[in-house]
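To start, the structure itself, in structure tokens.
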Amino acid sequence: MYSKKVLEHFTRPHNQGVIKKADGVGIVGNPTCGDLMKIYIRVKKDKTKGEVINDIKFETLGCASAIATSSMITDLAKGRTLHEAMKISRDDVADALEGLPPIKMHCSNLAADGLHAAIKDYKNKK
Amino acid sequence: MKQIYLDHGATTPVDKKVLASMLPYFSEKYGNAMSLHEFGNEANKALEKARKSAADFFGADKEEIIFTSGATESNNLVVKGVLRAYYDNIRSNLPKISSNLRVPHIITTAFEHHCVLDACKAAQKENLAEVTFIKPNKEGIIFTEDVKKAIKPNTILVSVMYVNNEIGTVQPIAEIGKLIKNYNSKLPITNYKLLFHTDATQAINYFNCNVNKLGVDLLSMSAHKIYGPKGVGALYIRKGTAIKQVMDGGGQEGGKRAGTHNVPGIVGLGTAISMINDQGTKNKKNEILKLRNYLIDKILKEIPKTRLNGSKIKRSPNNANFSFQNVEGESLLIMLDAEGIAASTGSACSSGSLSPSHVLLSLGMKAEEAHGSLRLTLGKNTTKKEIEYTISKLKNIIEKLRKVSGNVLGDYYQAKK
């Protein structure tokens, strides 16, 4: 039911872990539906590009697709400017994973929301 | 990679002896059991032999067994057919007051299989019945006293499963049977008799299913849970029970279930059920119980923050159901599958619905505990080696998934405060 890419990211997730004293943190999802995701970002100011996501990590309690989307979002967002990162959508994540089962598109495809929440948290703290 | 099948609660492999008994009825003895010629006679004979095997197993008469497509159909037939008979009876006996018919009452449990639960809910929605859903206790056991308290003058059916399919807990069917017999004996003779049904699908392999010991009027079963084929089941209907067919068509099964007989399937059911009380099978049951206890003890001991769901004592010998904190069941299942181990979970993700197992929630568990559940159901071919392998893989996988989830659950609740 899952694509090869999803299984790859699920079994060997990228950038899994915690950033201590992160610049921004986003928690999305809820225990009722079973998926909870926490995205940590570190932001660096680049002279030419502006504010860039220098480091990103995640912790996720959830199904295989929740973990795979978390892993994928960290790949997609790393090195991007905050402006670019805000534009990464749920569909972008699903596409990069070579698709998700229809039922997962809605409930477990939370990673873009998590990233956006972390960026907003960073902006609020400023 | 070696495959380890620990999902016998979902289905079982067809036993070789069962398969061999079925094979002639596909291309050689292919008659329709309702036909009057020799082909038909041949099929009918096989059918009646299977019926005898099932009847013997349940301590019933042959005429009290009908064949269906499985437990889902049997259970639907019970709920819908009992209601249909009730309305027919009331209408024909009391034509004058038919305009203000009393809506009958059904008692069932909150953790039945969906085929019973949803059939009852559909009846409720269509105003054909009012329904009480009795909750089990934390251990997954229904109290007879709660059934007693729920009975009302208009109650016509009590349906309680024998063994719960997810947590394997055993319900006091014989005790409830006594209660209902006693209740019926005090009713005026003119009153509508209260019927007792049990869905015994998960009980057939391991528990006494004598219908008189249990005191049931109706009992459902399915062949594919007992090393028989899929797509065939049976329903025991005590003589004189008011129930009407739901499927309209030919007059098969005494008019209770229309549709051409699945002869090979029914033959398979007959062989499978006749093997259950073999001495060899009995010895196997003890082995399964020992292995299962070993599995439970070792997992609870070696994997921290783990709980067993459902009573350890009042439990089917082949069932283990755990919840692992900070782990989600579907991830767990897929990781196990990658190691060749087949299991199941009460997580929503596995079922195609958005909420986790209604069974686990009915025990008062939190959604995240239900999401983190794993059911392992052993079978007659399960070996100690397989159990050891499963335990060691499970330990690694849980550790890995807990690392991925970190403290996100705790952080979530902290943020909610």
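What follows is calculated from the coordinates using simple rules that are stated; it is not laboratory data. Predicted, not measured: the structure shown is a model, and the values here were computed from it. Neighbour counts are summed over all protein chains in view; Cβ atoms, including those assigned to glycine, are modelled from backbone coordinates with ideal geometry.
Residues checked against (1) buried (at least 23 other Cβ atoms within 10 Å of the Cβ); (2) within 18 Å of B:K62 (Cα to Cα); (3) in contact with a Leu (Cβ under 9 Å, 6 or more places away or on another chain):
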position: B:V232; (1), (2), (3): yes, yes, yes
position: B:I237; (1), (2), (3): yes, yes, yes
position: B:D248; (1), (2), (3): no, no, no
position: B:V267; (1), (2), (3): yes, yes, yes
position: B:G270; (1), (2), (3): yes, yes, yes
position: B:N277; (1), (2), (3): no, no, no
position: B:T306; (1), (2), (3): no, no, yes
position: B:K312; (1), (2), (3): no, no, no
position: B:P317; (1), (2), (3): no, no, yes
Qualifying residues in segment B:355-411 (those that are at the interface with chain A (Cβ under 10 Å from one of its Cβ atoms) and not in a helix (DSSP H, G or I)) - the one nearest to B:I4 (Cα to Cα): B:G372
Within 14 Å of chain B (Cβ to nearest Cβ) and assigned to a helix (DSSP H, G or I): does that describe A:A66? yes
Can you name every residue in segment A:15-49 that is surrounded by fewer than 19 Cβ atoms within 10 Å (Cβ to Cβ) and of a type in the set (K, R)? A:K20, A:K21, A:R42, A:K44, A:K45, A:K47, A:K49
Is there a residue being farther than 19 Å from B:I397 by Cα and either in a loop (DSSP other than H, G, I, E, B) or within 11 Å of chain B (Cβ to nearest Cβ) (or both) anywhere in segment A:48-55? yes
Of the residues in segment B:351-388 that are touching a helix residue (DSSP H, G or I) at 6+ places or on another chain (Cβ under 7 Å), of a type in the set (S, T, Y) and surrounded by 21 or more Cβ atoms within 10 Å (Cβ to Cβ), the one that is nearest to B:S311 (Cα to Cα) is B:S373
For segment A:74-112, give me each residue that is within 22 Å of A:I19 (Cβ to Cβ) and within 14 Å of chain B (Cβ to nearest Cβ). A:T74, A:L110, A:A111
Residue by residue through segment B:307-345, note down the ones that are within 22 Å of B:I4 (Cα to Cα) and assigned to a strand (DSSP E or B). B:L308, B:N319, B:A320, B:N321, B:F322, B:S323, B:F324, B:I341, B:A342, B:S344
I'd like to verify a number: residues in segment B:145-203 that are aliphatic (A, V, I, L, M), within 22 Å of B:N93 (Cβ to Cβ) and part of a loop (DSSP other than H, G, I, E, B), how many? 3
B:S331: surrounded by fewer than 17 Cβ atoms within 10 Å (Cβ to Cβ) and within 11 Å of chain A (Cβ to nearest Cβ), yes or no? no
Take the residues in segment A:1-32 that are within 8 Å of chain B (Cβ to nearest Cβ), hydrophobic (A, V, I, L, M, F, W, C) and farther than 12 Å from B:Y412 by Cβ; name whichever of them is farthest from the chain's Cα centre (by Cα). A:L7
Could you list, in sequence order, the residues of segment A:20-35 that are of a type outside the set (V, I, T), assigned to a strand (DSSP E or B) and within 17 Å of A:M105 (Cα to Cα)? A:G29, A:N30, A:D35
